[in-house]
Amino acid sequence: MKKSIILATICTSFSALNMNAQIGTPYIHDPSTLAECDGKYYTFGTGSGGIITEDGWNWHSGGVRPGGGAAPDVIKIGDRYLVIYGATGGGLGGGHNGRILTMWNKTLDPKSPDFKYSEPVEVASSDGLEDNDAIDPGVLLDPTDGRMWVSYGTYFGNIRLIELDPKTGHRVKGNKAKDIAIDCEATDLIYRDGWYYLLGTHGTCCDGVNSTYNIVVGRSKKVTGPYIDNVGRDMIAGGGKMVIAAGDRVCGPGHFGRTVIDEGVEIMSCHYEADFNQGGRSVLGIRPLLWKNGWPVAGDRFKEGTYEIESERRGYALELAVDFVRMQVARMRFWGHDNNEPVKPVADQKLEEVINTWPKGNIDARIGDYMFRPHQKWTITAVPEAGGYLSNPYFKITIEGTERALAATAKCEVTTVPKFTGADEQLWRIEQLTDGTFRIMPKVIPGKKGINKTLVLYSIGDSTPTLAKYDFNSDNSKWNFRQH
């Protein structure tokens, strides 16, 4: 029920991190698309309020939206924010006679002197008898021609499409609603690479741990449809390709929103009807958004663990620049040996067998052939007290079994320090890209002001890692994480 927004931020599948929701108080139902305002992110839900984050990871209450009602959406147009929401409908109050309303504000910050909502304007309604329920609006500002569209509706009848004037927020004069889907609700419209996508929430709502909500999608070359899924079914006939369903101890994902962080870095927001780890509460969910063969699919937040960090450029592994210690195991030639001899497994090389050969101070990093040796195994651990970004907290990256930590340098290089201290240059942002690979960014560059938003771990050659400007179109910027 949300539209995509482009943030002014330059910034394999795993199961979700142990923390299955944003931290703080991320409790919300029917969240709007995430909206950025003065360096903070806001999302609004059913009721009159919303939640806010300063860092993208720790959420708290404080958002203000008058009018009550259900399932709002928000979009920034020029220097103003348009908020749209449903008043009643959805079976609330016992009926399906609903209204869709819009209002404007110059800011989303309730502490700002410019904070004041305009009077709401009705743009659609339902009488409780027709095959539509005026609730759950989702907004698209078409980047190809500047026209603005709203989809709305529930399982009670059809999903409808109307056009609004992006200058006023009013319904375009003479516009007639068009039915575009059934068997879903809380829809959203997005545009990408010549296609319009209709995302709808399918399944049962509002039943906590028993809710079966999931998000499905169809696409069209025209905003008015028809919206066809991956096997040729029209959404007006109940079609839809799965985008995200239950998993990782959360169920009932619904109310899709897309946020573009950077080229090739996108996230999707939703709510989970129930987070099993938080007593079955409805919580905000943020996941990487991947694109596979032209279709959106939810990625997975990065999970703590021990990995080979593998360069997409060549397939070589990030490692300490230390001498290779040969394993003292007799070579078993494929000729001249007795096949009847008992097989004796070879044990992995152990850390204690090699660590005394390593220098005691900082050790450079390099890239080389992966041989599952101690100097190539990296343990990645969340550091939630250090804050985070949309989808994850920051991480520390250490050699397995040690506190030797990967760190950025003032010269925009990478090194490893003997002990993790929690310094900002030892904290790393790990984001899954739309193609399934990852970018790895230090939180700060020593000596430079502010959070780093441009430099990533980068392979400038088959054996040389450094920090350089992120480029989604270059494999030098991309990494994979392998568990062996």
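Quick note: the coordinates plus some simple rules give every number you see, no bench work behind them. A quick note: this is a predicted structure, and the numbers were derived from the prediction, not measured. We place every Cβ from the backbone using ideal geometry, glycine too, and count neighbours over all the protein chains shown.
Tabulated data for the structure shown
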read-out: Per-residue [θ]222 nm for the chain (sum of -39500 (n - 2.57) over DSSP H runs n ≥ 4, rounded to 500); value: 0 deg cm²/dmol
read-out: GluC sites (Glu not before Pro) within the range 375-484, DSSP loop, no more than 13 other Cβ atoms inside 10 Å; value: GLU403
read-out: Where N is the number of residues in the range 269-401, Cα Rg divided by 2.2 N^0.38 Å; value: 1.53
read-out: Trypsin sites (Lys or Arg not before Pro) within the range 199-251: DSSP coil, no more than 10 neighbouring Cβ in 10 Å; value: LYS221, LYS222
read-out: Ranked CYS270, CYS412, criterion: other C-beta atoms within 10 Å, fewest first; value: CYS412, CYS270
read-out: FRET efficiency for ARG331 and THR357, using Cβ-Cβ distance with R0 set to 25 Å, rounded to 0.05; value: 0.65
read-out: DSSP beta bridges in the chain [antiparallel fraction, %, rounded to 5]; value: 95 percent
read-out: Full-stretch length increase - LYS350, ASP114 - with 0.36 nm per residue and alpha-carbon distance subtracted; value: 78.7 nm
read-out: Table column - 3J(HN,Hα) (Hz), the range 376-386, Karplus curve with 6.51, -1.76, 1.60, x for Gly and Pro; value: 10, 9, 10, 9, 10, 10, 5, 10, x, 5, 8
read-out: Cα centroid separation, the range 205-257 to the range 274-301 (Å); value: 13 Å
read-out: Net lengthening on full extension, LEU92/ALA410 (0.36 nm per residue, minus Cα-Cα); value: 108.7 nm
read-out: Förster-model FRET efficiency, 30 Å R0, ASP193 and ASN480, C-beta, rounded to 0.05; value: 0.80
read-out: 21 Å Cα-Cα threshold exceeded, pairs from LYS106/LYS448; LYS40/LYS443; LYS40/LYS116; value: LYS106/LYS448
read-out: Cβ-defined net charge surrounding SER126, 12 Å radius [Lys, Arg +1; Asp, Glu -1]; value: -4
read-out: Approximate spin-label separation VAL172-GLU403, in nm, with each point projected 7 Å along Cα-to-Cβ; value: 6.3 nm
read-out: Cα-based shape type of the range 176-315, given that a ≥ b ≥ c are square roots of the gyration tensor eigenvalues and the cut on a/c is 1.5; value: oblate
read-out: Cleavage-rule hits, chymotrypsin sites (Phe, Trp or Tyr not before Pro), the range 348-440, DSSP coil, Cβ neighbours within 10 Å at most 15; value: PHE372
